[in-house]
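A short worksheet on the structure shown next.
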Amino acid sequence: MQSKEVMAKTETGCCPRFNPKKWDNKKLSWKNKLFVKAKIRSFLHIPLTIGSVMKKTTKLIDESDAMSPDFVGIFDENSLWGADVYIAVTKKVSNIENVKISGTFLTKVFEGPYYNAGKWAKEMEEVVQKKGKKIKKLYFYYTTCPKCAKHYGKTYTVLLAKV
């Protein structure tokens, strides 16, 4: 789910086409990058409330005119029963938790169905180990909703490993 402004500029009216070259095998350094945080209920990592949570969250962001132009929504799959989603914003947003994330992140783009997430996490751990690092935290960036992924013919997920 994107902001109304982003959606108006896309061929699907929803998620923009994802360019994997911008994210694959990169090193990101964030210092107090501002996000809003929301919780999604899941069942065995299958999100149950993602649509309603994303709709409510992006509405709050739009009302504050705070949507980041590079729409980044990262998920912390911290439980079989839920996940935290962090959406990048340009300023604080009222009526929702605002958090800052700092650190160095190694990224890798994966293509395929979301059920491969466990396999990707293991592969990401190997990538990080080969660089002599250890994962402190792992985030998932699901780049498009299922409807848009079908339209574009590709499903990309970026893993961001905080090292």
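The values are calculated or read from the model by the stated rules, or taken from the named source; none is laboratory data. Keep in mind the model is a prediction, meaning the values are calculated, not measured. Heads up, the Cβs are rebuilt from the backbone with ideal geometry, glycines too, and the neighbour counts pull from every protein chain shown.
Filter the range 139-154 down to residues that are surrounded by fewer than 20 Cβ atoms within 10 Å (Cβ to Cβ) and either touching a Leu at 6+ places or on another chain (Cβ under 9 Å) or hydroxyl-bearing (Ser, Thr, Tyr) (or both) and give me whichever is farthest from residue 70 (Cα to Cα).
Result: 152.
When the range 137-163 is examined, which residues are found to be under 22 Å from residue 124 (Cβ atoms) and in a loop (DSSP other than H, G, I, E, B)?
Correct list: 143, 144, 154, 155, 163.
So residue 8 ticks every box in (1) modelled with pLDDT under 95; (2) surrounded by 18 or more Cβ atoms within 10 Å (Cβ to Cβ); (3) of a type in the set (Gly, Ala, Ser) but one. Which box is left unticked?
The single condition residue 8 does not satisfy is (2).
How many residues are farther than 20 Å from residue 141 by Cβ and of a type in the set (D, E, K, R) if we restrict to the range 63-86?
2
Which number in (1) more than 17 Å from the chain's Cα centre (by Cα); (2) of a type outside the set (Phe, Trp, Tyr); (3) farther than 26 Å from residue 10 by Cβ; (4) surrounded by 13 or more Cβ atoms within 10 Å (Cβ to Cβ) marks the one condition that residue 98 misses?
Among (1) more than 17 Å from the chain's Cα centre (by Cα); (2) of a type outside the set (Phe, Trp, Tyr); (3) farther than 26 Å from residue 10 by Cβ; (4) surrounded by 13 or more Cβ atoms within 10 Å (Cβ to Cβ), residue 98 violates only (1).
Report, by residue number, each residue of the range 101-119 that is modelled with pLDDT under 95, among the aromatic types (Phe, Trp, Tyr) and surrounded by 14 or more Cβ atoms within 10 Å (Cβ to Cβ).
Matches in the range 101-119: 114 only.
Taking the range 66-111 only, how many residues are in contact (Cβ under 8 Å) with a residue 24 or more places away in the chain and either acidic (Asp, Glu) or in a strand (DSSP E or B) (or both)?
30
If residue 126 passes every condition in (1) touching a strand residue (DSSP E or B) at 6+ places or on another chain (Cβ under 9 Å); (2) at pLDDT 95 or above but one, which one does it miss?
That leaves (1) as the condition not met.
For residue 50, state whether it is under 25 Å from residue 150 (Cβ atoms), surrounded by 18 or more Cβ atoms within 10 Å (Cβ to Cβ), at pLDDT 95 or above and out of contact with any His (no Cβ under 6 Å at 6 or more places or on another chain). First the steps, then the outcome.
Numbers: under 25 Å from residue 150 (Cβ atoms): yes; surrounded by 18 or more Cβ atoms within 10 Å (Cβ to Cβ): yes; at pLDDT 95 or above: no; out of contact with any His (no Cβ under 6 Å at 6 or more places or on another chain): yes.
Against the criterion (under 25 Å from residue 150 (Cβ atoms), surrounded by 18 or more Cβ atoms within 10 Å (Cβ to Cβ), at pLDDT 95 or above and out of contact with any His (no Cβ under 6 Å at 6 or more places or on another chain)), residue 50 does not qualify.
So the check is Cβ under 7 Å with 6+ separation or different chains; which pairs have a first residue in the range 31-48 that's assigned to a strand (DSSP E or B) and a second one that's among the acidic types (Asp, Glu)?
36/97; 37/84; 37/97; 39/84
Of these, 85, 163, which one is out of contact with any Lys or Arg (no Cβ under 6 Å at 6 or more places or on another chain) and surrounded by 14 or more Cβ atoms within 10 Å (Cβ to Cβ)?
The match here is 85.
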